[in-house]
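Colleague: The structure under discussion is supplied below as structure tokens; questions concerning it will follow.
The values are calculated or read from the model by the stated rules, or taken from the named source; none is laboratory data. For clarity, every value in this text was computed on a predicted model and none was experimentally measured. Please note: Cβ atoms are built from the backbone with ideal geometry, for glycine as well, and neighbour counts cover all protein chains shown.
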Amino acid sequence: MSGMGLIATLLIGGIAGWLAGKIMRGGGFGILGNIAVGIVGSVAGGFVFGLLGLAAGGWIGSLVMSTIGAVILLWLVGILKK
């Protein structure tokens, strides 16, 4: 991964994690936690989109896919905490 690719991944991951925290009515996990949730959410979102036969392209598509994945991840964490 090139330097710009890494920066873009971290930026999209951070925004996706922050958005997921807002959607799920949480305060988030701080900047590093949000980036981690966003990156893991991106993987989860890619898996879910693949199962549904959907594809996301570009910055906006990646952000939407990552945010959906991060929301799913936070939802699962919420279930496991109960």
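Colleague: In region 1-42, how many are exposed (fewer than 14 other Cβ atoms within 10 Å of the Cβ) and either at pLDDT 85 or above or among the aliphatic types (A, V, I, L, M) (or both)?
Modeller: Qualifying residue count, region 1-42: 7.
Colleague: I'd like the full set of residues that are of a type in the set (A, V, I, L, M) and either free of Cβ contacts under 8 Å to residues at least 24 places away in the same chain or under 17 Å from Leu76 (Cβ atoms) (or both), limited to region 27-54.
Modeller: Listed by number, the residues that qualify are Ile31, Leu32, Ala36, Val37, Ile39, Val40, Val43, Ala44, Val48, Leu51, Leu52, Leu54.
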